[in-house]
Amino acid sequence: MDILRFATAGSVDDGKSTLIGRLLYDSKSIFEDQLEAVERTSADRGEDYTNLALLTDGLRAEREQGITIDVAYRYFATPRRKFIIADTPGHIQYTRNMVTGASTADLAIILVDARKGILEQSRRHAFLTTLLKVPHLVVAVNKMDLVDYDRETYERITDEFTAFASKLEVSDLTFIPISALHGDNVVERSPNMPWYEGSSLLHHLEHLHIASDRNLIDVRFPVQYVIRPHKSTDPELHDYRGYAGQVAGGVLKPGDEVVHLPSGLTTTITHIDGPAGPVAEAYAPMSVTLRLADELDISRGDMIARPNNRPEAAQDLDAMVCWMTPDRQLTPRMKLVIKHTTRTARAMVKDLNYRLDVNTLHRDEDATSLQLNEIGRIGLRVTQPLFVDDYGRNRLTGGFILIDEATNNTVAAGMIIGAK
């Protein structure tokens, strides 16, 4: 069974947490004691219904204010597929949390309140999901029960969003009218909207084709750990040398010729070991151990690729970053630590090209700094070469994080646009 990662996004009070609660409840993916706790909390708050949003809104501040603050991850499965859900906040001051939740998603569900239509926050989240190159987008027009399941209201919202999406890079866009509170079109098709001819949300999530979203062309294997058991009682393990990591792109098979970076030396894969034993091939996002024909000096942070298809080795990076800390601002000449795949190096911000207003898409080229939750385009100089691809081609080898040297806190997430 494959895994679909999806994130919810949208404006405040559009019903993101309620939708996830409804998915978990209707697909029978919560335990009785969890449901009893939610029913008890709902009654304590004076609500005359079971507030399914409480299944994900676990922080005390979230329950008191009725909003989502931090990303909540939930897991469930159906007979067809496993799911990992990221419930992300809608408030603008939690943009960094939303970026964190959506950065690994295969699909984003943007909720729109049928009564309010497309809001500024809806546009902002749509832009952020396309900036993060989330391949599939579902616009769920929620609270249809509050507009009497009116078809014209739904079609007006879809027309408006389609016009806005034409300015963005959206490869797959789907619209579904739902009522998360009552379960219309969430797990089962609703009889209240006979004019809607599409599938329910869960049916769409179960049948969405995501295998081709991964980069199966460019072989990329960042080495995470060198495995040397040295077991003297077992001659085979005594000479065992394996290179463990997660496949970031392409397909690897025993017998393939590969190149080690940065040395540029070529060798051949002899064996590929998975968690349960040898495997015939490895592809993203599998975690495996490669054994090679030659004894090369390979360590953590190195990259294994194809001789005729190598990533770019670059020390100067052009990137979009989302600044994630309130403690300091991003400014030119700032020194930070960069973590890219399994390689860590020191970096300096060469320049800040512009700050991006995610609501209007305006570029402020006079900006001198980036503050908490702001997004901008910067130039980075790195102390040692990184083996990179453009983020649009490979999200794993095109993404990085920046770390404060003094506190070791993650201060930014970045997407590589170009390298030289």
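The values are calculated or read from the model by the stated rules, or taken from the named source; none is laboratory data. Note that this is a predicted model, so its numbers are computed, not measured. Here the Cβ positions follow ideal geometry from the backbone for every residue, glycine too, while neighbour counts run over all protein chains shown. To get the accessible areas, we keep the full protein, side chains included, count just its heavy atoms, and leave off ligands, DNA and RNA. Shrake-Rupley method; radii C 1.70, N 1.55, O 1.52, S 1.80 Å.
Once label points are set 7 Å from the Cα along Cα→Cβ at both GLU152 and LYS420, what is their separation, rounded to one decimal in nm?
Distance between the two pseudo-spin positions: 5.6 nm.
State the extension gain, in nm to one decimal, for the chain segment bounded by THR368 and ARG381, taking 0.36 nm per residue of separation less the distance between their alpha-carbons.
Gain in length upon complete extension: 2.9 nm.
Strictly over 31 Å apart at the Cα level, which of LYS28/LYS143; LYS28/LYS167; LYS16/LYS133; LYS167/LYS420; LYS16/LYS167; LYS116/LYS167 would you flag in this model?
Table pairs above 31 Å Cα-Cα are LYS28/LYS167.
Please say if region 84-196 is rounded, prolate or oblate, where rounded means a/c under 1.5 for a ≥ b ≥ c the square roots of the C-alpha gyration tensor eigenvalues, and otherwise the choice is prolate for a/b larger than b/c and oblate otherwise?
prolate
How much accessible area does GLU169 have with a 1.4 Å probe, in Å² rounded to the nearest 10?
Per-residue accessible area (GLU169): approximately 140 Å².
In vacuum, with every alpha carbon of the chain counted as one equal point scatterer, what does the Debye formula give for log10 I(q)/I(0) at q = 0.10, 0.11 Å⁻¹? Two decimals, please.
-0.78, -0.92
Which of rounded, prolate or oblate describes region 259-331 when judged by the alpha-carbon gyration tensor and an a/c cut-off of 1.5?
Note, shape of region 259-331 comes out prolate.
Between ARG189 and LYS253, what is the label-to-label distance in nm when each label sits 7 Å out along the Cα-to-Cβ direction?
Calculated label separation equals 4.2 nm.
How would you classify region 192-236 from its alpha-carbon gyration tensor, with a ≥ b ≥ c the square roots of the eigenvalues: rounded for a/c under 1.5, else prolate if a/b is greater than b/c, otherwise oblate?
prolate
Using a 1.4 angstrom probe and counting only protein chains, how large is the accessible area of LEU396 in Å², to 10?
Its accessible surface works out to 80 Å², give or take rounding.
Figure the gain on full extension for ALA345 and LEU361 (residue separation times 0.36 nm, minus the Cα-Cα span) and round it to one decimal in nm.
Length difference between fully extended and current span is 2.6 nm.
Could you sort SER263, SER122, SER199, SER166 by their accessible area in this structure, using a 1.4 Å probe and putting the largest first? All intermediate terms of the calculation are to be shown ahead of the outcome.
Numbers: SER263 60, SER122 0, SER199 40, SER166 95 Å².
Order by accessible area, largest first: SER166, SER263, SER199, SER122.
Along the Cα→Cβ direction, 7 angstrom out, place labels at ASP294 and LYS28. What is the inter-label distance in nm?
Rounded to a tenth, the inter-label distance reads 5.8 nm.
For region 244-378, what is the Kirkwood hydrodynamic radius in Å, using each pair of distinct C-alpha atoms?
Its Kirkwood hydrodynamic radius stands at 17.7 Å.
How big is the gap, in Å, between the Cα center of region 348-420 and the Cα center of region 127-143?
If we compute the Cα centre of each part, the gap is 22 Å.
Have a look at THR341, THR233, THR266 and tell me which one the Gaussian network model of the chain (Cα, springs below 10 Å) gives the largest fluctuation.
THR233
Can you give the FRET efficiency to the nearest 0.05 for ASP390 and LYS167, using r as the Cβ-Cβ distance and R₀ = 22 Å?
0.60
For a Förster distance of 25 Å, can you work out the FRET efficiency between the beta-carbons of GLU236 and THR266, rounded to the nearest 0.05? Walk me through the numbers on the way to the answer.
Working: r = 25 Å, r/R0 = 1.02.
Using R0 = 25 Å, I get an efficiency of 0.45.
Along the Cα-to-Cβ line of ASP316, 7 Å from the Cα, sits a label point; which residues in region 406-420 have backbone N less than 18 Å from it?
416-420, by backbone N distance to the label point.
Ignoring everything but the protein chains, give the 1.4 Å probe accessible area of ARG363 in square angstrom, nearest 10.
130
Just the accessible area per residue of the chain, please: how many Å² with a 1.4 Å probe?
Heavy-atom accessible area per residue stands at 46 Å².
What part of the accessible area of the chain, given as a whole %, is carbon or sulfur when the probe is 1.4 angstrom?
47
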